[in-house]
Structure formats: C-alpha cells, structure tokens
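*Asks:* Below: one structure in structure tokens.
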C-alpha cells in the first residue's frame, strides 16, 4: 500500500475519534457563555447604590442607638421631688396675720 | 454534530448559512443574545478540537467557553462576510496549545499522574470502542506534540492543510512536513492493520 493510500484509509478510520461529549454539551456551553457575555458592567446608579448602601445602614444603626439611648435615659431619670404640702402650706390671712393650716 | 462532512465541506456549508451572518451582525450591534446561535452551532466541534489537544473533557469545555468569550469580546475585529468557524477554531487551538505548553513546563510534577489520566481521558471518548480506533488513538498519542496536533486535526477533525496552517499559525509547508513525519511513524506503528490491504 502506498503512503498516500495508507493515509487516506487512516483518515477514514480516524474520523470516529472525534469527541462528541454528552447530549447536554452544547446547551451547557451555551449557558455558560451566555452568562458571561450578557453580564453588563454596573451603571452609575448601581455603583452609587452599592456605595450608599453601607453608609445608609450605618446611619440607620446610629439613629436607632441614639433613640434607644434617649428612651432609656428618660425612663431611668431620677424623679424630681413633687411640690409637697409642707413646702406650700395653705395660709389663711386673718386680721392682718397669716396663719398656716398646720399651725 | 456535523456527521460525515469533511472540514472543507463543513466550511462551505457554514458560508452558505444566512443566519450565521445575521447573528454576527446582531452581536456586533450589541445584541449579545444572538451569540447563542453561533455558540450552539460550533460548540461541539470546538470542544472536539480542544479535547484532541488537551485530552481532558473538563479542560476542553473550559477552553471552548474561553474561546467563545474571547471571540465575543473581539467580534469588532471580525471580518465581515467571513465564516465564523475558522476564526473560533483558530482561537480554541491556540488556547489549547498554550495549556499543553504550560503543562509540559510542569511535567515533572505530574509524572505520577500521567497513566491514570490518560486512561480516564480515553474512556471519555465513546467512539473508542473498537480495537482499530484504540490502536489509531494510541498511535496518534505517541507522536511528538506538533506532529500529534497536526495529524489529529488532519486525520480526526478532517481539516485540510491550509485550514490547519491557519489554525496553528504555521505555513502550509510546515504542516505538510509535520504530516509527512507523522505518516511515516503511524505507518510503522499500524503496519499490521493496513499491510494486508491491496486496494
């Protein structure tokens, strides 16, 4: 057999060596490529939102802690003494003289 | 897949595909969804080319994915009216050759794993059921790297000399030279299978 004839025959016989993969090969690669090529760069609004999100979360935490602190301090404040009867005695004026009720 | 078409017949068929040209135009205009058509059409062939070079199914799929993404990113440079096939084949071939070069640089670290990996990769090839296919595959694998890749693209993937030269950035003369050396070695190795034939 000549070299050329041998190579021709070999080319015919080698064709089944092509790799076929499984039935889902094409779909799998298409999905993976699609995922990568359709991923768009973030817009300005998305970039701002991404930057503002932690800032807003920090502010909200701060406001919450201040509110809780104020509420707590108001609830636990020392009660101011009520003006009692003894400090404001009922006085009665009689004949130019002042008389207290307890007197 | 393309069944029994040769490389040239396949390229002629793709050149006559009006959907392919439209899909390329749509992708160039920013419609990424149209790229699906091209990926679905060429993915099996692209994986087969990559597998023939790297001999590992996972690596071959990863390479195919990279090749399609690279082609998408450079679609602006793609010449209008040209078939997409040769371009994506060239990209995947170069990516796969880079992987092989990288592997050979670190070959000493992988020596202990060579035999099990080769056995596993042959098992991935469903067509290797017959003795003839196994013998041809083993003979191809025994060739030096450049001869092996060129012979595989010619014998298995059915590309012609010019197509292989374009895919591997070689001259046609170099491709013919690699094929000639490969043919000599393959004929020696497979003599018992083909010597009895007188057609």
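*Asks:* Working carefully through the options A:13, A:3, find the one that is surrounded by 11 or more Cβ atoms within 10 Å (Cβ to Cβ), in contact with a helix residue (DSSP H, G or I) (Cβ under 7 Å, 6 or more places away or on another chain), at pLDDT below 85 and within 14 Å of chain B (Cβ to nearest Cβ). Break it down into steps so the answer makes sense when it comes.
*Replies:* Details: A:13 fails: at pLDDT below 85.
On inspection, the qualifying residue turns out to be A:3.
*Asks:* I'd like to verify a number: residues in segment B:142-161 that are under 14 Å from the mean Cα position of the chain (by Cα) and either without any contact (Cβ under 8 Å) to a residue 40 or more places away in the chain or over 14 Å from residue A:15 (Cα atoms) (or both), how many? Don't jump to the end; show me each part of the working.
*Replies:* Going residue by residue through segment B:142-161, those that are under 14 Å from the mean Cα position of the chain (by Cα) are B:145-161.
Now restrict to residues that are either without any contact (Cβ under 8 Å) to a residue 40 or more places away in the chain or over 14 Å from residue A:15 (Cα atoms) (or both): B:145-151, B:154-155, B:161.
Matching residues across segment B:142-161 total 10.
*Asks:* In addition: Can we say residue A:9 is in a helix (DSSP H, G or I) and over 39 Å from the mean Cα position of the chain (by Cα)? Full working, then the answer.
*Replies:* Values: in a helix (DSSP H, G or I): yes; over 39 Å from the mean Cα position of the chain (by Cα): yes.
Yes: the conditions hold for residue A:9.
*Asks:* Same structure again: Here is a list of conditions, (1) outside any helix (DSSP H, G or I); (2) surrounded by fewer than 16 Cβ atoms within 10 Å (Cβ to Cβ); (3) at pLDDT 75 or above, and residue B:177 meets all of them except one; can you say which number that is?
*Replies:* Of the numbered conditions (1) outside any helix (DSSP H, G or I); (2) surrounded by fewer than 16 Cβ atoms within 10 Å (Cβ to Cβ); (3) at pLDDT 75 or above, the odd one out for residue B:177 is (1).
*Asks:* Kindly indicate the residue of segment B:72-86 that is buried (at least 18 other Cβ atoms within 10 Å of the Cβ) and under 16 Å from the mean Cα position of the chain (by Cα) and also nearest to residue A:38 (Cα to Cα) among those meeting that condition.
*Replies:* Ranking the candidates gives B:84 first.
The values are calculated or read from the model by the stated rules, or taken from the named source; none is laboratory data. Note that the coordinates shown come from a computational prediction; the quantities given were computed from them, not determined experimentally. Note that each Cβ is placed from the backbone with ideal geometry, even for glycine, and that neighbours are counted across all protein chains shown.
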